[in-house]
């Protein structure tokens with residue numbers, strides 16, 4: 001790997017720790033993104049079929 | 001004639017899952033929601049996983065570790081697994097919060113849960129057969145865990161041959177079969193309605 005990807009990825013993961021609980025920043029970001037996608041999937045209205053509604 | 005097992009099986013199939021249910025042309029109005037998309041997204045990701053996995057199996061590690069095309073298909077296989085799990089977990093959250101086991105759908109829910117567990121086992125063996133330092137690290141960390149619960153003699157994570165065969169033959173068969181049963185059960189019972197939803201079909205709602 002070369003360039004910015006190498007600089008971005010080629011080091012040990014950063015961990016957050018609180019007592020017995022430990023999580024990598026990467027895993028935390030993925031979980032938060034999934035929660036955001038879940039919330040958006042529930043809240044954003046599904047597009048209507050314009051062809052069908054014109055009939 | 002009616003005592004033949006083929007007749008009994010055919011009659012039972014036609015009673016439980018007629019072709020109109022198996023290949024429906026209309027769905028309830030409540031499926032027009034993004035949260036209902038994630039089951040199909042999970043299946044789509046699984047399709048990419050199987051397709052890229054078949055290419056990897058035919059070409060082998062000497063190809064997918066060295067050539068540009070091989071590295072691309074290897075990455076496609078890896079990242080489609082990441083998306084598969086993201087979609088499956090969001091599908092799981094959606095179904096959990098709408099209590100998807102309602103309406104005699106317990107078996108649908110249970111087969112989904114078993115498919116989730118089978119997916120974890122398949123993905124785990126996949127990490128073990130990457131044939132790189134990552135798989136070496138994971139297998140040497142995992143062997144102590146499996147030995148401590150007494151299954152290390154049967155499920156040997158440092159045995160590349162066993163892990164490879166489980167990953168490319170046994171576990172995909174199990175996962176594939178459970179997925180087919182899960183989808184057939186969804187077809188049989190229909191997609192679960194949101195709590196307190198009106199049972200109107202999409203075509204009726206558009207009128």
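Since every read-out is calculated from the coordinates, none of them should be taken as a lab result. Keep in mind that this is a model prediction, so the values were computed, not measured. Cβ coordinates were reconstructed from backbone atoms using ideal geometry, including for glycine residues, and neighbour counts include every protein chain displayed.
Observations
- Label-to-label distance, nm, for residues given as residue B:99 and residue B:2 (7 Å Cα→Cβ offset): 4.1
- On the beta carbon distance between residue B:15 and residue B:114, with R0 = 30 Å, the FRET formula returns roughly 0.75.
- Rounded tilt (10° steps) of A:25-43 against the dominant C-alpha axis of chain A: 10
- Efficiency of FRET between residue A:39 and residue A:17 - r from beta-carbon atoms, R0 35 angstrom, step 0.05: 0.80
- Against the main long axis of the alpha-carbon atoms of chain B, helix B:133-148 sits at an angle near 80°.
- Residue-averaged 222 nm ellipticity for chain B, from DSSP H runs of 4+ at -39500 (n - 2.57), nearest 500: -22000 deg cm²/dmol
- Counted residue by residue at 0.36 nm each, then reduced by the alpha carbon distance between them, the extension gain from residue B:82 to residue B:140 reaches 18.6 nm.
- Peptide B:28-39 is shielded by partner chain Cβ atoms: per residue, an average of 3 of them sit within 10 Å of its Cβ.
- Overall form of the range B:101-191 per C-alpha gyration tensor (a/c, 1.5; a/b vs b/c): prolate
- If you plug the beta carbon distance of residue B:62 and residue A:30 into 1/(1 + (r/R0)^6) with R0 = 45 Å, you get a FRET efficiency near 0.90.
- Centroid-to-centroid separation of the range B:160-190 and the range A:2-44 [C-alpha atoms, Å]: 29
- Take the convex hull of the alpha carbons in the protein assembly as shown; its mean projected area over all directions comes to 21.5 nm².
- Burial ranking of peptide ranges B:20-27, B:113-120 (average Cβ count within 10 Å, highest at the top): B:113-120, B:20-27
- Helix B:5-16 and the longest principal axis of the Cα set of chain B meet at an angle near 70°.
- Partner chain coverage, peptide A:32-43 - average Cβ within 10 angstrom: 4
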